[in-house]
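What follows is a short report on a single structure.
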Amino acid sequence: MANEWDWLEQEKNRVIQELEKNKEVFYDTVPGPVSKDGMYEQNSNNYWTSSFWVGMLFLAKEAKRDSSFDDVIAVQMQSFQNRLERNIELDTHDIGFLYILSAIADYKVNGHEESKELAVRAADLLMQRYNEKAGIIQAWGNLNDIKESGRMIIDCLMNLPLLYFASSVTGDDRYRIAATRHAKQTQRYIIRDNATTYHTYFFDRETGDALRGETAQGYSNDSCWARGQAWGIYGFTLSYLYTGDASFLESAIQIADYFISQLPSDSVVYWDLIFNDGSPQERDSSAAAIAACGLLELARQLPLSYPKREVYEKSAVKMVKSLAENYTSKEQSQSNGLLLHGVYDKNSNKGVDECTIWGDYFYVESLVRLTTAWYKYW
Ligand code: GLY
């Protein structure tokens, strides 16, 4: 008998079939960060986005409950071992994204001890980016880069679970202390009084003094970049989960409320939240997918009696349904991506109205979250 959730199960199964096809192509390579006219090209494992592919393979394995993805996962894991050993393009805080969705996922799903050790070594590298004076993790560039060395960005909240994980498995508190301080600085300086967020914030690298907020990928310095706000919902919820500091939960709630207040009629946000229904600007489907996962995690952390818990769950389901109905590549033979209509960086005209590999990942995560008793890699 049909029920109201059939679409979800069908969509999850369809997406797994797509991943089964794609794993033949991207067996020992990874899809690029964004598609070109809907098609991902094969890349080597040398960019901040490389782990979203293996993350999707882990999700597919868990959803399918069989071993059909094991071979490709093993090949991909070898590549992440190699990347860390050779320090390939790791001058980035996204060591977090890279090793959470590879090493931590592999440890949690397959129990491989060598992946636990890999994650701790990756956390050690990430710790080198921690500026003790400012209490922040440098987002971009190498450590001698004068301009970048005092900059933190909201996205980094999603990289912190690598540090929380390292403390929990080693018993060494240094990682957790750095992560918590970074999250506190993000809370203090990146969130504005009206619960919108700056994308990035500068500190004086020598004195640690807070300087100014500035956008990189948003419309303007005082607008609210949609994906940044989505990273904030998910990221502050995770910092709450690992520290028990209720102020992080409060921040996630405020940021979520603002995000929900800016939803257009089909629940898929424009790339910056200053745009809404009627604007000729592009949507960012990836921001919707990330926000859906963040809202589902936020709802999971809230007590049943919390008045807005249901609002968060229902908003998340609405976003995922809208993505499933109108934003996937299913009617398009000319695409090997899952989610169309994402934006990487409008300001530099990169990946505008294309599939994004992180959008695909979080779309699959949202489907798996809504259909199985999945527990996070984050
Ligand atoms: N973390 C980089 C981005 O969201 O584009």
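Rule-based calculations on the coordinates, nothing more; no lab input. Model, not experiment: these values are computed from the prediction. Cβ: placed from backbone, ideal geometry, glycine included. Neighbour counts: every protein chain shown.
Below, the figures for the structure above:
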item	result
Per-region count, the stretch 185-202, residues touching a residue at least 60 places away in the same chain (Cβ under 8 Å) and either hydrophobic (A, V, I, L, M, F, W, C) or surrounded by fewer than 24 Cβ atoms within 10 Å (Cβ to Cβ) (or both)	5
Tabulated pairs, the stretch 34-54, first of a type in the set (Gly, Ala, Ser), second within 12 Å of the ligand (Cβ to nearest atom) and not in a loop (DSSP other than H, G, I, E, B), C-beta under 6 angstrom, 6+ apart or interchain	Ser51/Phe97; Ser51/Leu98
Lone unmet requirement of (1) more than 25 Å from Gly337 (Cβ to Cβ); (2) touching a Leu at 6+ places or on another chain (Cβ under 6 Å) for Thr196	(2)
Condition check for Ala178: under 19 Å from the mean Cα position of the chain (by Cα), touching a residue at least 24 places away in the same chain (Cβ under 8 Å) and assigned to a helix (DSSP H, G or I)	no
Residue check for Glu41: over 24 Å from Trp140 (Cβ atoms) and either in contact with a His (Cβ under 8 Å, 6 or more places away or on another chain) or acidic (Asp, Glu) (or both)	no
Test result for Arg65, among the charged types (D, E, K, R), more than 16 Å from the ligand (Cβ to nearest atom) and under 21 Å from the mean Cα position of the chain (by Cα)	no
Cross-chain or 6+ apart pairs with Cβ under 9 Å, the stretch 262-280 first and more than 16 Å from Tyr219 (Cβ to Cβ), then of a type in the set (Gly, Ala, Ser) and loosely packed, with under 13 Cβ neighbours inside 10 Å	Asp277/Ser265
Failed criterion for Gln42 (all others in (1) buried (at least 17 other Cβ atoms within 10 Å of the Cβ); (2) of a type in the set (S, T, N, Q); (3) under 24 Å from Gln332 (Cβ atoms); (4) over 18 Å from the mean Cα position of the chain (by Cα) hold)	(1)
Residues that are in a helix (DSSP H, G or I), more than 27 Å from Val15 (Cβ to Cβ) and of a type in the set (A, V, I, L, M), drawn from the stretch 55-92	Leu84
The stretch 283-300 residues that are under 13 Å from Lys314 (Cα atoms) and of a type in the set (Asp, Glu), paired with ones that are more than 15 Å from the ligand (Cβ to nearest atom) and in a loop (DSSP other than H, G, I, E, B) (beta carbon under 8 Å, 6 or more apart)	Glu297/Lys376
Only one of Arg181, Arg188, Arg205, Arg227 that is of a type in the set (Lys, Arg) and closer than 24 Å to Gly278 by Cβ	Arg227
Candidate set: the stretch 278-312, residues that are more than 16 Å from the ligand (Cβ to nearest atom) and touching a strand residue (DSSP E or B) at 6+ places or on another chain (Cβ under 9 Å); chosen: the one farthest from Ala230 (Cα to Cα)	Ser279
Failed criterion for Ala134 (all others in (1) within 16 Å of the ligand (Cβ to nearest atom); (2) crowded, with 23+ Cβ neighbours inside 10 Å; (3) within 24 Å of Glu214 (Cα to Cα) hold)	(1)
Residue match in the stretch 72-90 (condition: within 16 Å of the ligand (Cβ to nearest atom) and closer than 13 Å to Ser50 by Cβ)	yes
Subset of the stretch 265-284 [assigned to a loop (DSSP other than H, G, I, E, B), buried (at least 17 other Cβ atoms within 10 Å of the Cβ) and not hydroxyl-bearing (Ser, Thr, Tyr)]	Asp266, Val268, Val269, Trp271, Leu273, Ile274, Phe275, Glu282, Asp284
